Amino acid sequence: MLAVSMITIAVAAADFSDTQSSDFKDSISLLHNIGIVNGYEDGSFQPDNTVTRAEFTAFVIRALGAADIADSMPKTNSFTDVDENEWYAGVINAAYSMGLIEGLSDTEFGPEENVTLYQASKIVLSALGYKVVAD
């Protein structure tokens, strides 16, 4: 049995300095208020930017409520292109440890590359507990 609860969240219209004219401002505000997305240090969200593999991985980790796990993970990992000083190092290590992500190769993750629809779908399906076997 699946229990569903409704939670009312006050959505602040001015979460970010650059989302007022976006068709997605309410969705962005909601995702920000529940802790899934963050903006940039300058107070912007940059809604027209593409999403990187590191950013999307962070979205999923936060949606799973595993941000604390990511924060406590060692920042070093097997991907040579994930610098332990980057904000996403713990997120990628946690997602890899949980079996949610794979690298582009055995040694590279490609954190700054744009996430593809296939990659995003695979991460979400893995987070939902599905075994994705298609290449």
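The values are calculated or read from the model by the stated rules, or taken from the named source; none is laboratory data. Everything quoted here is computed from the prediction, not taken from an experiment. Backbone-built Cβ (ideal geometry, glycine too); neighbour counts: all protein chains shown. Each accessible area value is taken on the protein alone, full model and side chains, heavy atoms only, with ligands, DNA and RNA left out. Shrake-Rupley method; radii C 1.70, N 1.55, O 1.52, S 1.80 Å.
The residue that is most open to solvent (accessible area, probe 1.4 Å), counting only those in the stretch 32-67 that are farther than 18 Å from Ala127 by Cβ and of a type in the set (D, E, K, R), is Glu41. Across the stretch 126-135, the number of residues qualifying as within 16 Å of Ala67 (Cα to Cα) and open to solvent by 70 Å² or more (accessible area, probe 1.4 Å) comes to 0.
Consider Asp23 carefully, then state whether it is in a helix (DSSP H, G or I), at pLDDT below 95 and open to solvent by 90 Å² or more (accessible area, probe 1.4 Å). Judged against the criteria, Asp23 is not a match. Restricting Thr116, Thr52, Thr57, Thr107 to those that are over 30 Å from Ser17 (Cα atoms) and of a type in the set (Val, Ile, Thr) reduces the list to Thr107. In the stretch 96-125, the residue that is nearest to Thr76 (Cα to Cα) out of those that are exposed (fewer than 12 other Cβ atoms within 10 Å of the Cβ) and of a type outside the set (Ser, Thr, Tyr) is Asp106.
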